[in-house]
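Everything on this sheet refers to the single structure shown next.
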Amino acid sequence: MSRIRKLVRLARLAALEGPAPLRLARRAIREHAALQRTWELAALVAMVRRQRPRTVLEIGTHRGGTLFCWAAVAAPDARLVSVDLPNEREGIGTTDQDRARFAEFLRPGQTLECLRANSQLPETRDRVVAALGGRPVDFLWIDADHRLPGATLDWELYRPLVRPGGLIGFHDIHPNPGFPDNQVDRLWAQIRGGFRVREFIDQDQPGGVGMGIGVLVQPGSDDPDGR
Ligand SMILES: C[S@@+](CC[C@H](N)C(=O)[O-])C[C@H]1O[C@@H](n2cnc3c(N)ncnc32)[C@H](O)[C@@H]1O
């Protein structure tokens, strides 16, 4: 995609949604190391912002880039729950310093619980349910283990917690042969047919790591996107 077409697309998003989603996506990437592409993340932020979720569940937080966005657009009294691995030995996951920073994302009235756990275990799902205080999830973001078995487990364990009409977002829905461990596209291909979906795919750097956001609407209510 040419630079001009890219700028036109960003300008169109800003004209439709105002400057906030783009601004948040840029800050998330520059200041909080979001592993995302600007236009894709901004388009999703705009969608979540229209929904103004009161409960957000993020599976895979890393340095907090996407969590930063959800806190910024969620309701003032939102409950946020993040699940990521501890990084004591492996060098992945979130650190104590990360979690201290995440608290700064919150507005007064919002609360956050960070679970240091393997999302793929049923006991972690139980801890998530407890952290949500039994409330259904308005927005679920799945961006943890990108291999097919792991992504499938996250989908199967956490999708039932999402309310009818709630949103479920996935990162890396675009096939990426250069990165064989990125297999979310295969899960997406299996499930997308059964749902109302939106796809945000930046074709700007095909083949690069991390590409394509897919969002589906949990059946049972009108599309909260309202479009
Ligand atoms: C791609 S990063 C998340 C990026 C983040 N959403 C962003 O865009 O800024 C994936 C994260 O998932 C975590 N992860 C991988 N497997 C996991 C598992 N089984 N349980 C919990 N977290 C996991 C990793 O530790 C890593 O921090």
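If I compute solvent accessible area with a 1.4 Å probe over the protein chains, what percent of it on segment 3-217 is carbon and sulfur?
54
Over the chain, with the other protein chains present, what is the accessible area per residue in square angstrom, probe 1.4 angstrom?
Here the per-residue accessible area is 46 Å².
Could you let me know the centre-to-centre spacing of segment 111-190 and segment 18-69, using Cα atoms, in angstrom?
16
Could you work out how much longer the chain between R147 and F179 gets when fully extended? Use 0.36 nm per residue separation minus the Cα distance between them, nm to one decimal.
Taking R147 through F179 to full extension adds about 10.5 nm, to one decimal.
Fully extended, how many nm does the chain gain between I92 and T111 (0.36 nm per residue separation, minus their Cα-Cα distance)?
4.4 nm
Points 7 angstrom from Cα along the Cβ direction at L10 and R50: gap in nanometres?
2.2
Quick query: amide H of T94 versus all other amide H atoms, modeled in the peptide plane; which residues come in under 5 Å with a sequence gap of 5 or more or a different chain?
L85, N87
Could you give the length gained on full extension between E199 and R135, defined as 0.36 nm per residue of separation minus the Cα-Cα distance, in nm?
Contour length minus the Cα-Cα distance gives 20.3 nm.
Report the charge-dipole magnitude of segment 3-217 in Debye, nearest 20, computed about the Cα centre from +1 at each Lys and Arg Cβ and -1 at each Asp and Glu Cβ.
So the magnitude is around 960 debye.
The values are calculated or read from the model by the stated rules, or taken from the named source; none is laboratory data. What you see is a predicted model, and the numbers here were worked out from it, not measured in a lab. Neighbour counts run over all protein chains shown; Cβ positions are idealised from the backbone, glycine included. Surface areas here come from the heavy atoms of the whole protein model, side chains and all, with no ligands, DNA or RNA. Shrake-Rupley method; radii C 1.70, N 1.55, O 1.52, S 1.80 Å.
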